[in-house]
Structures are given as structure tokens and as C-alpha cells.
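So the structure is just underneath, and the comments pick up after that.
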Amino acid sequence: MPADLTAATGDPGTTRALAAAVAELARPGDVVLLTGDLGAGKTAFAQGFGGALGVAEPITSPTFTLVNRYEGRLALYHLDVYRLDRLDEVADLGLAEMLDDEAVVLIEWGDTITPVLPADYLEIRIGLGEGDDDRVFSFTTVGGRWSLRERALGAALTPWLVDDGAGNGEPC
């Protein structure tokens, strides 16, 4: 059963710290989807995630390039599929090759291409909170790879977990 965890941050720096905690659990071949409205903090999350993987260069949104590749302790492919019009365009990006490259693939707007993704991924839905910089993160594991790390994910997110009223803010 997928884990549903809810976490919150109050500024971009804290969002990057939360992302770094998630990145510590990343393994070669992992897929992480980032979803949410424009301005929700997907790129700030990607910056924290990449920084924790040892990426030294600045991480920017690949809105127009579609894919950026970064080197760190694990290679990181950062995709932005917002501008894709059709699912078959994903094949042109070389997603299968990226996964074969023993890299981590982080996909902004990833919920728009789930039919063509592998069956294993971590989905992170980012929502706007009450304050200008407040963000709410909903984590859902899909498939076996991330499901096996649900306890570790819950432990990594402990500083930011919130109780959503259904017990989903508690560590697994």
C-alpha cells in the first residue's frame, strides 16, 4: 500500500532542506515526480535534492531545454515536461536511457506523463500554504522501489511532518 505522508515548510531554504533529506534516500534508477501549480516550489525542491546528491553547479528549471543532466554522487536528470503536448514526446527525451544510466530522474510536472513512466516512483505533490512562502508536500510511493523505503522516508521527513487529520502525517 502506498505511503501518504504530509510535510510542510515555511521558506525556500527549508524546502531545499526537506528535499535534501529525501535525496539521501535516492538510489540509481529512482524516479521522483514533482507536481503542483506554477510557483509551488518544484525548482527549489530540485535545487535541494541535487545539492544533497553533490551537484555543485547551479540547478535551474529545464523549462525550455526540457532536460538538464548534473553530476554528483549519483547522476541527476532534471526534466520539465510542462511544454510537452503529447505522451509520445516523452520517448524523444530518452527517459529509458536515463534510467539505464544508473541515474536519478527528477521530473517536474511528472503527473502529466504517468502512463509512460515505469511502475515505480515517488510522487511529491507540492501545494501552496497560507503564507506566501508556506508549502505543503504530499508524498506517495508507487511500486516497490520506494515502498520498501517508506519507513526511512517517514523518518527522514520527521522534522517537517504534519498531521493531516487522517494520521497521514505520522512516520510510517
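Since every read-out is calculated from the coordinates, none of them should be taken as a lab result. Owing to the predicted nature of the structure, the values given are computational and were not obtained by experimental measurement. Note: ideal-geometry Cβ built from the backbone for every residue, glycine included; neighbour counts use all protein chains shown.
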Measure nothing but the geometry: give the 0 to 90° angle between the long axis through the Cα atoms of 42-52 and the longest principal axis through the Cα atoms of the chain, rounded to 10°. 90
Listing 134, 85, 37 by rising number of other beta-carbon atoms within 10 angstrom, fewest first, gives 85, 37, 134
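Just to confirm a number: summing +1 for Lys and Arg and -1 for Asp and Glu over residues other than residue 110 whose beta-carbon lies under 12 angstrom from that of residue 110, what do you get?
The answer is -2.
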Among 93, 19, 116 - extreme Cα towards positive end, dipole of the stretch 4-160, charges at beta-carbon: 19
Which net charge results for the neighbourhood of residue 120, defined as the other residues with beta-carbon distances under 10 angstrom from its beta-carbon, given Lys and Arg at +1 and Asp and Glu at -1? 0
Using the Cα gyration tensor of the stretch 12-137, with a ≥ b ≥ c the square roots of its eigenvalues, what is the shape: rounded (a/c below 1.5), prolate (a/b larger than b/c) or oblate (neither)? oblate
Among 61, 146, 34, which residue has its Cα furthest toward the positive end of the charge dipole of the chain, with +1 on Lys/Arg Cβ and -1 on Asp/Glu Cβ? 146
Rounded to the nearest 5, the percent of DSSP beta bridges in the stretch 4-160 running antiparallel is 55
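Quote the charge dipole size of the stretch 4-160 about the Cα centre in Debye, to the nearest 20; the model charges only the Cβ of Lys and Arg (+1) and of Asp and Glu (-1).
With only Lys, Arg, Asp and Glu charged at Cβ, the dipole is about 400 debye.
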What relative contact order, as a whole-number percentage, does the chain give when Cα pairs under 8 Å and 6 or more residues apart are counted? 34
What is the set of long-range amide H partners of residue 129 at a cut-off below 5 Å, with H atoms built 1.01 Å from backbone N? 134, 135, 136
Estimated 222 nm signal from helices in the chain, with DSSP H stretches of n ≥ 4 weighted -39500 (n - 2.57), rounded to 500: -7000 deg cm²/dmol
If each part is reduced to its alpha-carbon centroid, the stretch 40-67 and the stretch 115-139 end up apart, in Å, by 15
The chain: longest segment with zero exposed trypsin sites (Lys or Arg not before Pro), where exposed means DSSP loop plus at most 15 other C-beta atoms within 10 Å, is residues 87-172
How much length is gained on full extension from residue 120 to residue 4, taking 0.36 nm per residue of separation minus their Cα-Cα distance? 40.3 nm
